[in-house]
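The next block holds one structure in the form of structure tokens; read it before the comments.
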Amino acid sequence: MTEDLHGLVGLYVVDALDDDERARFEEHLAACEACAAEVAEFQATTSRLAALTAEEPPPALRASVLERIGTTRQASPLAPVGARRHRPSVRWVAPVLLAAAVIAVAVLTVNLRSTHRTLDHQQNLTAVLTAPDARTVPLAGSAPGHLRLVYSPSLRQSAVVADGVADVPPDQAYAMWFIGGDGPALAGLFRTSGGHAATVMDGTPRGYQTLGITVEPASGSSTPTTPVIFSGNVA
């Protein structure tokens, strides 16, 4: 199993793992320095490639446009002169091809932005999970599933990792609370997909005594509105 997880580095970086594989690999990543270093190298290379792609349209786009031109039927040069005067295809082919090119570029831009967001999230997550001062707080509760919070005081960030935790409706989200003498403070919201989550949050529970998780509206709440279903003690 360890060997299999080592081999998932490349797929993890390009977000090609399913939810279960990603959750297992991220748990392995927290304790494997070799994989962490390899992930960082892959992410740096992927970021450079994404930057290059953003600067220049891909060759496939040009090939696609040329292919459309080559397959668009036009009037035969042997047709009568009068017939060649009426060539509606010439009038609409160019706008259609231009629209197709614009759509292709727009889709490419959206995909690049999504890729950048994914890479940023993965880099932040990897940084927290592999930080030299990373600390882990397991959470337990009455609901099914496993939860833990990994936080780095030096990075001032935390990562909540969930496995087997029930998905909530679209209008709800899980809320992580840092609980201390002054009461609970909202650390962040997260949602699970297929029972899994790996979300980075700003701040750490240093100075707090307890962690708690409740189900709240998707927009969040200033204080918990439902009972705590997972909790853990900050060392």
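Read-outs: derived from the displayed coordinates by stated rules, not from any lab. Worth saying up front: this structure is predicted, and the values here are computed from it rather than measured. Using ideal geometry, Cβ is built from the backbone for each residue, glycine included, and neighbour counts are taken over all protein chains shown.
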### Task
Run down VAL200, VAL161 and say which single residue is in contact with a His (Cβ under 8 Å, 6 or more places away or on another chain), assigned to a strand (DSSP E or B), in contact (Cβ under 8 Å) with a residue 12 or more places away in the chain and on the phi < 0 side of the Ramachandran plot.
VAL200
### Message
Can you say whether PRO184 is over 21 Å from ALA30 (Cβ atoms) and part of a strand (DSSP E or B), as far as the supplied structure shows?
### Response
yes
